[in-house]
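The values are calculated or read from the model by the stated rules, or taken from the named source; none is laboratory data. Predicted model, so just to flag it, every value in this text is computed and none were measured. Neighbour counts are summed over all protein chains in view; Cβ atoms, including those assigned to glycine, are modelled from backbone coordinates with ideal geometry.
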Amino acid sequence: MQTREHTLHFRSPGSAGRQPAAFPEPPKVWPRDAPSNFHVLAKPTGAVCNLDCKYCFFLSKESLYPGSRFRMRDEVMEAYVKQLIESQESSHVTIAWQGGEPTLMGLDFFRRAMALVEKYTRSGKTFEHTIQTNGTLLNDAWCEFLRENNFLVGLSMDGPRELHDAYRVDKHNRPTFDKVMRATRLMKRHGVEFNILCTVHAGNVMRPLRVYRFFREELKARFIQFIPIVERVTPELRDAANEGWGDRKHARPFYSQQGDIVTERSVRPEQWGRFLNTIFDEWVKRDVGRVYLQIFESALASWVGLQPSMCIFAETCGDAVALEHNGDLYSCDHYVEPEYRLGNITEKHMVELMSSTQQRSFGAAKRDTLPRYCRECEVRFACHGECPRNRFATTPDGEPGLNYLCAGYKRFFKHIDRPMRIMTNLLRQQRSPAEVMRMLKREQRVGK
Ligand code: SF4
Ligand code: SF4
């Protein structure tokens, strides 16, 4: 078990008179397998959150650190910022915070983080600051800070009131929609840039247009991500898991990548495919170039022959890791489990952990463990078996390792093929993919 809190004590930024921090230095010989760029999601409160969203299995990860206060110490924050900047070859560095709920750390924590970026910045480096939040703790002071420092905020929201409140509740089981709407108004007033991160589950999957139009028309959102909820469980865990993963009177289950059934909140594969197709049909008729939907843009990259922006659709992965509050680095945010712990950044430099055999094998396994059914699939170039965390189904010929969402993805990638080909051709001619809307309309008129 490799989940202890580290006990080294380093100097906080600005604390005079003590010894300088003894952080691991970057290796003298740069590791051969070091990725030139990678992404770290730092979780300063670990899995701790002020809400109790029923599908959020991350809440159960609290039990990995018994007795912890779940507050990232400044020494760990300094190691994160310093090592991330030292490790990236590109001139662009993204400093990302998520949770749990990162705003629980308070504003001063993030002010200190900005001071550290300033301290370790090098000439020619540009920074992007991102934070994923449920929005409920945002106020004027937060928004001023986020605006001043050009943060891109990812706001978790599942649609209009009745769909959002289906599962996104607080610790007293109270709805949260009004608080999140308040956050959107505050951010707009202060000019904070935000994206919508919408999880798709049994509560909203049957209402794709209601969800999409709410974001587009009522929130005027221009950047939207959809994430399917797939809570994988064993038969023994199902009843407890159906009650949620947060604080409960009964002993709550720990979420791990085990089992081949799903909770009642999870999307069904065909529903997921229909959800995407319905929104795509609306988007491709009127919103291309106006509303950015991450999954459609990522798919277009695959059709064009570029690297998709979403790791789940890339051939291999392993370049997006999760940093726990105590400095433990894990292979992926979805694999915060003891066997996927790479080490602790206060003991070993991040770039060494990233280039370790363990992490490189983790990333290559996405490609190397694909079942034959996927290897021979006509939409493999766009899907690549999606994320390994969802590969707990069986192919029609009985091979394990098929993605649970396969039927939905097959349906989706086949459905969008023609418009994607048109957009690809437009891009190759250096024209705007938005022209697809006019072309499809003309075709429809001629067809009539
Ligand atoms: S395991 Fe899934 S989410 Fe994690 S990096 Fe790989 S593809 Fe991405
Ligand atoms: S659509 Fe299904 S068979 Fe094809 S690559 Fe994706 S998961 Fe595999």
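Just a few scattered comments:
- Which numbered condition Gly159 fails, given (1) in contact with a Cys (Cβ under 8 Å, 6 or more places away or on another chain); (2) small (Gly, Ala, Ser); (3) over 27 Å from Tyr55 (Cα atoms): (3)
- With respect to the conditions (1) buried (at least 22 other Cβ atoms within 10 Å of the Cβ); (2) at pLDDT 90 or above, Gly244 lacks only one, and its number is (2).
- Unmet requirement for Met77, which otherwise passes all of (1) more than 30 Å from Lys179 (Cα to Cα); (2) touching a helix residue (DSSP H, G or I) at 6+ places or on another chain (Cβ under 8 Å): (1)
- All conditions in (1) of a type in the set (D, E, K, R); (2) surrounded by fewer than 19 Cβ atoms within 10 Å (Cβ to Cβ); (3) modelled with pLDDT under 90; (4) farther than 17 Å from Ala115 by Cα hold for Arg69, with the sole exception of (3).
- Looking only at the range 395-429, residues that are of a type in the set (S, T, N, Q) and touching a residue at least 24 places away in the same chain (Cβ under 8 Å) come to 3 in all.
- Neighbours by Cβ (under 8 Å, 6+ apart or cross-chain): first from the range 317-338, closer than 13 Å to Pro388 by Cβ and among the polar types (S, T, N, Q); second within 7 Å of ligand 1 (Cβ to nearest atom) and modelled with pLDDT of 95 or more: Ser331/Gly318
- Test: Ser298 is within 16 Å of ligand 1 (Cβ to nearest atom), assigned to a helix (DSSP H, G or I) and in contact with a helix residue (DSSP H, G or I) (Cβ under 7 Å, 6 or more places away or on another chain): yes
- Meets criteria (surrounded by fewer than 18 Cβ atoms within 10 Å (Cβ to Cβ) and touching an Asp or Glu at 6+ places or on another chain (Cβ under 8 Å)) for Ala407: yes
- Matching residues in the range 99-116 - criterion: being crowded, with 16+ Cβ neighbours inside 10 Å and at pLDDT 95 or above: Glu101, Pro102, Thr103, Leu104, Met105, Phe109, Phe110, Arg112, Ala113, Met114, Leu116
- Qualifying positions in the range 302-321 - within 16 Å of Gly363 (Cβ to Cβ) and either buried (at least 21 other Cβ atoms within 10 Å of the Cβ) or within 16 Å of ligand 2 (Cβ to nearest atom) (or both): Pro308, Met310, Cys311, Ile312, Phe313, Ala314, Glu315, Thr316, Cys317, Gly318, Val321
- Residue check, Arg122 basic (Lys, Arg) and under 24 Å from the mean Cα position of the chain (by Cα): no
- Restricting the range 284-301 to residues that are more than 16 Å from ligand 2 (Cβ to nearest atom) and without any contact (Cβ under 8 Å) to a residue 24 or more places away in the chain, the residue that is surrounded by the fewest Cβ atoms within 10 Å (Cβ to Cβ): Glu297
- Restricting the range 367-392 to residues that are away from ligand 1 (no atom under 11 Å from the Cβ) and outside any helix (DSSP H, G or I), the residue that is surrounded by the most Cβ atoms within 10 Å (Cβ to Cβ): Leu370
- Members of the range 334-366 that are assigned to a loop (DSSP other than H, G, I, E, B) and either within 30 Å of Ala407 (Cβ to Cβ) or within 16 Å of ligand 2 (Cβ to nearest atom) (or both): Val336, Glu337
- In the range 410-433, the residues that are crowded, with 20+ Cβ neighbours inside 10 Å and of a type in the set (A, V, I, L, M): Ile416, Met420, Met423
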